[in-house]
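What follows is calculated from the coordinates using simple rules that are stated; it is not laboratory data. None of the values given here were measured: they were computed from a predicted structure. Cβ coordinates were reconstructed from backbone atoms using ideal geometry, including for glycine residues, and neighbour counts include every protein chain displayed.
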Amino acid sequence: MEGRIGKGEKRIDAYDKVTGKGLFASDYVNQYPVLAHMKALRSPYAHAKIKKLDLSKARALEGVIYIMTGEEPGIDWDQYPKASIIAKDEALWAGQMIALVCAETLEIADKAIELIDVEYEKLPAVLDYYAAIEPNPASVVDPEYETRPLGFSDRPGDRASNRVSPNVVGAFKLHAGDVPAAMEKAEVIVEGEFWTGKKTASPLECANAICRYDSDGGITLVSNGAGVHGVIKQGICRILKMKESHVRVIQPYMGGSFGSRLNPYVEIITALMCLRTKRTVSFQFNREEMFVGAPSNWPCITKVKLGAMKDGTLIANDYYLAEEIGACLNNTFFSGRLSSSGVLPVYRMPNLRMDTCAVATNTVPAAEYRGLGCPESEFGIECLVNQLADELGMSPVELRLKNIIDKGERDPHGEVITSIGLKKCLQSVADAIQVDETPEQDMGVWKKGRGCAVGGKQNTPLGRSEAEVWYNSDGSIQLFVSCDENGMGATTALAQIAAHEFGVPVSEVKVTKGDTAITPYDNYSASSRTTYNTGNAVKLACEDAINKLKIEVARVYGIHPSKVEIKGKKAILAGSYVQEVEIPPLFQPTSMFTQGNWGLQKGTPVIGHGLFCPAPIHQWDENGLSDRVWNWFQYSAAAVEVAVNEETGQVKVLKVASSADTGNPINPKLVEVQIEGGVHMAIGFSVNEEHVFNEDGKIANANFSDYRLPTILDMPTCENVHAFINPDPLPDGPYGAKGMAESITIPVGPAIAHAIYKAVGVRVNGYPMTAERILALIKEKKAKEAAE
Amino acid sequence: MKRMEINITVNGRKHELYVSPDRTLLEVLREELNLTGTKKGCDDSNCGVCTVLFDGMAVKSCTMLIPQANGHSITTIEGLERENSLHPLQQSFIDHFAVQCGFCTPGMILTAKAILDENPDATEEDIREGLHGNVCRCVGYKKVVESIEAVRDGEYSESCGEV
Amino acid sequence: MRFEQYYEPKTTEECIRLLEEYGADCKILAGGTDLVPRLKNKIWRPQAVIGIGSLPDIDTIKVDQNGLELGACAKLRKISMDPSLAKDYKVIMEAAGNVSSMQIRNVATIGGNACNASPSADAIHGLIAMGAKAVIAGPEGVREVAVEDLFAGPGKTVLTRGELLLKFKVEAPKAGTGAVYKKFAIRGDTDISIVGVGCGITLKDDGTIEAVRISLSAVAPKPIRAAEAEKLLLGKKLTDELLDLAAETAENNCTPITDQRATAAYRKEMVRVWTRHAVKEAYERAKSV
C-alpha cells in the first residue's frame, strides 16, 4: 500500500452531494415536525430614530409566541455578534433588526411583522469611508463614541494618535527602519490612493439555524455556521451563560462560507429565542437578509507610497490603510492590523511605515471574508509595483523576482519566512499567459491586455485543534474532528492523512465531524488553517493510536512495541516467531465463555488522541513589531489576459493562470479546484460585485439579479484557465503542507487592473472595475488627449 | 386557503397531492415530498440551485406555482441514481472534482442533463450558454464543464445508465 | 398566503368573466417567472390568481404566408428555437432568446414579457421591431393594439378590466426588411438589460430607407420609440455620419433614470452605442434579403 499523501483522492462527501442525499443545515427544517419560526423586522433606513414601536397588535395575533426587541430584558447587546444586535432607540444601518418575531408558522411570523406599528425619523447617514472620515461627519455611527474606548486601545501600537473623525474606532501603527530617510534616498517614487468596494460573500445556502430545546434544559443547535466549538458553542455559553454540558452544536453539510459564516450572527440569537420560548425554533435567512442582515466584507482604503532604486530594488513603503467596518459598535476586532498584515510577507522591505485605522459607517457590520482584507490591502501595492515596472521599463515579473522575499529572511514585522514558493508561482503564471508579450489586437472594439500580480497572506495562530481516531476491531478507521467543511475538501484531506498513517485506502476511513457532543475541540476553520492545524492534530492522533496498537500487539507476541509496524490490518513483527499477523483476529471476541478481561477486545477500538496548537503570538512593541505574530504565509500569483470594450467599458477575462504555494499538497486535485474557484470568486469581486445604495442608504441590489456574481460566462473557457501548484514545503505542516484558500483571491484584481492598463491605457485605482468606471476613465483619457 | 388536487409524477412515481395552489413547486418538492436534494438559494430564480426537470426541460422550481406542474412529470436529483449505479453525470461530477460545498450540484447536474438530452453533441459554448443560469461559488465552473464534456464524449456510456 | 383563490379557466369567455369580476384584485399566471417572486415578496397581494395555461391555443406558434401568430403563452425558449421563424422573424427569436437563462425561457411566456410591462423587457422589442400587434379579448369583444402602444407605465398596460392578451400578430415582412435587437447587460442575458435597442428597417430597391422602427428598452418608464432618430433616417441611405447622428439623436431624446443597475448618464451613452450597432446591423440584414 503506497502513501495517500499527494494523491488526487475522490472527495469522501461527493456521493452524498451528487445524489442530493446529504442533508445541508437548511434541510433540517424538514426534520422537525413541530417547529417555531423566527422572522425579523428590519430597518429600511441606514440611520433612523425609532420614534414608535408598538407591538400590541402583533402580540395579539394568534400563533405569535414571542417578540424580541432591543429592549429585551437581561441582554447585554455588546456581547452579541454585531449583525444580530436588535436596534434600541436608533437603527444604525438599513437591515438592522428592529424586532424579532417567533411564531407557530412562518406565515404567522410574516403577518406579525406587518402588524408591528413602527415609525422612524430618518437621520443623516454615512455610507462609505469618505463620508465617515470627515472631521464633522454627517453621522457619528456609535451613539456612545465619546465614552467608548478604542478597540485594543490598551496595547502598544494600537493608538489613533490623530483621531481625525469620531467614526475612527480602532487604530494600529507600525514602523520598521526609517521611511522618511529612505524616501529621500529613493530614485523613483510611485504613489496612489486606492479603494475597494463593499461585497457580500454570498454562499449559496443562506444562513440558518435550528435550535432544539432539550428536555433537560439544554439546547441542541444545528446550523451552517462555522466553528461548532470555538465560535458557536463558546459563544452561546459565554453570552447566554449556558453550562458547557448543556449546549450541543452540530454542523451538517454547509452550502459555502468563504469566511462569512465564521460570525455567529444567526446562531446566538436563535439560541436566545429558544431559551426564551422553550421551543425548538428555526431562523432561516432569505437572500435579501444575506445582504442587509449578514456581515459584509470590510472594504479598505489605502494610500501607498513606494520608494525604489532605478534598478528596481524596493526600499521603502509608506502605507496608510483604513478598514471600513460598517456599524460595528464596541469594536475590539478591527484596527487595520488584520488587513495590513498582507503588506508584510511578500516583498523585502527594509523601511515600512504603516498607519492604519478602522472606520465605522451606517452600513451592515463587517466580518470575515476570504482573505481577511488582504485582497483589499495588497491591491494598491501590486498596482504600484506594476506601475513602477512600467516607469522603469522593466518587466513586472522581473521586478517582482528581484524583490520577493526569500525563505529564511525576516519580513518587516520581524518574523522569519519559513516557506515561500512565490517566485516559482509567478514564473509559472507568467509563462502560461506570456505576460510580457503583447497580444494581437483582433477583437474590434475589445482591446486586449495582459497583467500579473502576486499576493501573500498570513496564517493567524487561532488556537487548538484536536482529533480522535479509532482503530476498530475489524481494522476500519474512524476519525473524529470538528473542523468546518465549507466545501474546500478538508475532511477528505484529513481522511487521507489518517489513511496514510495507517496504510489503508481512504475508503477505510470514516470521518465524523462537527458535533460538539461527539467530536473533539477545534477552534474553527479560518485563515486557511485546517490542513495545517487540524491536519497536524489528525496526524498526532493517528500516531497515538498506532503507538497504543503497537503496545497491544507487542504484548500478544511478547516483543518490544518498537519491533511492531502497523500496515493497515496487518502488523509486521521483528524478532518474533511470526513475521506478519492479521490484527483483527487479535481482538478477543466477547461471547460469554471466551471473553477476555484485558488487551484487545472485539468492539472496542484502540483510540488515539491528537492535539495541536500553534505557538501564541509575542506581543508587539511600541513600533508594532514582533518576531512572532503570524504563523506562516501562503502565497499566490496570477496572470490574466483581458479584453476591454472601448465603447462600453466592459472587462472580460479571456485567460487566467493562477498558482498557489500550498506547501506539499495533501490532495493536488482539491487544491486545483480551490485555485479555480478562488480565481472565479476574485474575478467576480474585482470586476462586478459591490453594494449599491438607494437614497435611504439601503442596499439596492440585495439580490442575485442585480448583485452581479460571476456566472460561467464570466470565466474564461476551460483551455484558458490554468492552475499551478508550486509548493515550498512548510517545515511544521503535516507532510510539509500548508493552507492556500485565501491567497488565491489576492493577485487576481491587480493583475486585471494592469491588463486593463495595457489594453486601453488607463490605470484603475480600485475595484470592482465596473464597466461604468472603466468607460469613465477611457473617456477622461480621450478628453485629455484631445486637449493636448 | 382551499387546497387543490395536484397530480404530478416525480421521479417516475405518481403523486396525488392536496396542496394550497399558492405554493411553489420547490416548496412542495421539499416540504410535501421531502425531496430536499432540490435546494433553495436565492428564491427568485437567479441562482439555479432549485433546478429540476419539467417534462425533461430544465426549470427553476422556486418561481413556479404548483398548479403549473399539475399533470406534468418532474425529475429531481433523487431520481437520477439507478439501482446499481449513479447517473453518468453524477459519477463524472465526482470523478472530475466538480463538487465542493455541493449546494449548486443537484441543479448543475440536472441542467447538464437537459443540455445533453437536447443536444448530445453540445460544445463548450453550448454548455456555457445552458449553464449560465446556475451559479456556483466554489468550483469556478471549469470542472463542471469538464464533467459534462466527459459524459458527452461517452466516457461513462459503458458503466452507467442512460444520459 | 400569497392569494386567496386560484382559477384555471378552460375558455376565454370564462377567463374574461373572472378578470372582470376581480379587476385589479387578480393577477394572471402565465409562466410565473415575474409573478411568483412578486407574490413571495408581497409586492403584489392579489385576491385571485388566474392561470391561463389551459386556454385553447394560448401557446401556439403559427407561421404562414400572411404572417406569424404567437399565442400569449408561447414559451420564450420555444420561440427562440423554432426553425419556422428563422427566415422572416429572426429578431423575434433573438429577442426572446435574450431573456435570462434557459431555465427561465423554458417557462416564461411572450405574453408575460409584454403584460408584465417591465421597462427593461427584452422579448417584446423583437415584436416592436417587426410592427407586431397585440390581440386583446375583453367583455366588449376583441381589439388590436400595436405592441409599442400596449404599455402605460412601469408594470402597467393599456388593458382594461376584464381584458386578456390573447396573442400577437406579425405581418409577413416586405422584401428588403431586416431587424435586430441588441440587449446590453453586464453579465449578458442573465442580467436585466441596462439598455436594449430594437431596430427594423425596410429598404427600397435603391437602398434608401423606406421604413424604420427603433425601440428602446430600459431608458423610460415604458418601452419607447426613438422617433426623432427614425425621422432622420427615413428616406435616406445609411452613411456613417447619418448613423452617428441617429445614434446621438436617440441618446439625446431619452431620459433614463439611475438605479442599481446603471446610472442615467451611462444608460444614455449606451443608447448611443447600441442604437448605432442596432441600426447598422438591421440595415445590413435588410440589404442581404
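Counting neighbouring Cβ atoms within 10 Å and putting the fewest first, the residues C:S84, B:S61 line up as C:S84, B:S61. When the Cα gyration tensor is reduced to axis lengths a ≥ b ≥ c, the ratio a/c is 1.5 or higher for region C:85-176, and with a/b not above b/c it is classed as oblate.
Just checking the listed ones, C:G126, C:G31, C:G155: in the Gaussian network model of chain C with Cα springs under 10 Å, the one fluctuating most is C:G155.
Mind grabbing the base-10 log of I(q)/I(0) for chain B at q = 0.09, 0.12, 0.16 Å⁻¹? Debye formula, identical points on the C-alpha positions, no solvent, two decimal places. The Debye formula, applied to the Cα set alone, gives -0.28, -0.50, -0.86. Applying both filters, DSSP loop and at most 13 other Cβ atoms within 10 Å, to the GluC sites (Glu not before Pro) of region A:654-715 gives A:E695.
Simple rule: put +1 on each Lys or Arg Cβ and -1 on each Asp or Glu Cβ in the protein assembly as shown, find the dipole, and look at C:W44, A:V764, A:A112; the Cα lying farthest toward the positive end is A:A112. Under a 5 Å amide H cut-off, with hydrogens placed 1.01 Å from N, A:G227 pairs with A:D484, A:S525 among residues at least 5 apart or on other chains.
Taken over region B:75-126, the convex hull of the Cα atoms encloses 96 Å³ per residue.
Each Cα pair of region B:4-76 feeds into the Kirkwood radius, which the Stokes-Einstein equation turns, at 37 °C and 0.692 mPa s, into a diffusion coefficient of 278 µm²/s.
For region C:5-51, list log₁₀ I(q)/I(0) at each q in 0.15, 0.16, 0.17, 0.33 Å⁻¹, using the Debye formula over Cα point scatterers of equal strength and ignoring solvent, two decimals each. Listed by q, the Debye log ratios stand at -0.35, -0.40, -0.45, -1.25. Sites listed here are GluC sites (Glu not before Pro) in region A:177-219 whose DSSP assignment is loop and whose Cβ has at most 16 other Cβ atoms within 10 Å: A:E187.
In terms of modelled amide H atoms, which long-range or inter-chain residues lie less than 5 Å from the amide H of C:K167? Close amide H contacts, sequence-distant or interchain: C:A72, C:V135.
Residue-wise HN-Hα couplings along region A:658-673, as the Karplus relation 6.51 cos²θ - 1.76 cosθ + 1.60 with θ = phi - 60° gives them from phi, are 9, 9, 10, 9, 9, x, 5, x, 5, 9, x, 5, 5, 5, 4, 6 Hz; Gly and Pro carry x. Under 5 Å between amide hydrogens, built in the peptide plane, is the criterion, and for A:G663 it picks out A:D728, A:K738 among residues at least 5 positions away or on other chains. Does region A:609-680 classify as rounded, prolate or oblate by the C-alpha gyration tensor (a ≥ b ≥ c root eigenvalues; a/c under 1.5 gives rounded; else a/b over b/c gives prolate, otherwise oblate)? Because a/c hits 1.5 or more and a/b fails to exceed b/c, region A:609-680 counts as oblate. Straight distance only, please: which aspartates and glutamates reach the Cα of A:K243 with their own Cα at less than 20 Å, same-chain residues fewer than 8 apart left out? Here the aspartates and glutamates satisfying the reach criterion relative to A:K243 are A:D76, A:D214, A:D216, A:E267, A:D515, A:D522.
Computed over region C:77-128, relative contact order equals 39 percent, with contacts defined as Cα pairs under 8 Å that lie 6+ residues apart. Give me the distance between the Cα centres of region A:91-119 and region B:1-58, rounded to whole Å. Here the answer is 28 Å between Cα centres. Taking 29 Å as the straight-line reach from the Cα of A:K567, the lysines in range (excluding those fewer than 8 positions away in the same chain) are A:K7, A:K10, A:K510, A:K513, A:K539, A:K548, A:K550, A:K602, A:K669, A:K738.
Each residue of region A:757-762 is assigned a 3J(HN,Hα), and the resulting list reads 4, 5, 7, 10, x, 10 Hz, derived from the Karplus form 6.51 cos²θ - 1.76 cosθ + 1.60 (θ = phi - 60°), x at Gly and Pro.
Among B:K113, B:K60, B:K143, the largest mean-square fluctuation in a Gaussian network model of chain B, built with springs joining Cα atoms closer than 10 Å, belongs to B:K143.
In percent, rounded to a whole number, the relative contact order of chain C is 16, using alpha-carbon pairs under 8 Å and six or more apart.
Let a ≥ b ≥ c be the square roots of the eigenvalues of the Cα gyration tensor of the protein assembly as shown; is it rounded (a/c under 1.5), or, if not, prolate (a/b larger than b/c) or oblate? Prolate is the answer for the protein assembly as shown, as a/c is 1.5 or above and a/b outweighs b/c. If you find the alpha carbon centre of region A:161-219 and of region A:585-645, how far apart are they in angstrom? Centre-to-centre distance over Cα atoms comes out at 28 Å.
Determine the distance separating the Cα centre of region A:524-550 from the Cα centre of region C:11-89; give it in Å without decimals. Using only Cα atoms to place each centre, the spacing works out to 60 Å.
Counted by neighbouring Cβ atoms within 10 Å, the residues B:D117, A:D522 run from fewest to most as B:D117, A:D522.
Contact order for chain A, expressed relative to its length and based on alpha carbon pairs under 8 Å spaced 6+ residues apart, stands at 16 percent.
For region A:709-719, the Karplus equation 6.51 cos²θ - 1.76 cosθ + 1.60, evaluated at θ = phi - 60°, returns couplings of 5, x, 9, 4, 6, 8, 9, x, 5, 3, 5 Hz by residue, with Gly and Pro reported as x.
Neighbour counts of other Cβ atoms within 10 Å put A:V581, A:V359, A:V671 in the fewest-to-most order A:V581, A:V671, A:V359.
By the Cα gyration tensor, region C:177-288 has an equivalent ellipsoid whose semi-axes, rounded to whole angstrom, run 25, 14, 10 from largest to smallest. Considering chain C at the alpha-carbon level, its Rg and Dmax are found to be 18.8, 62 Å.
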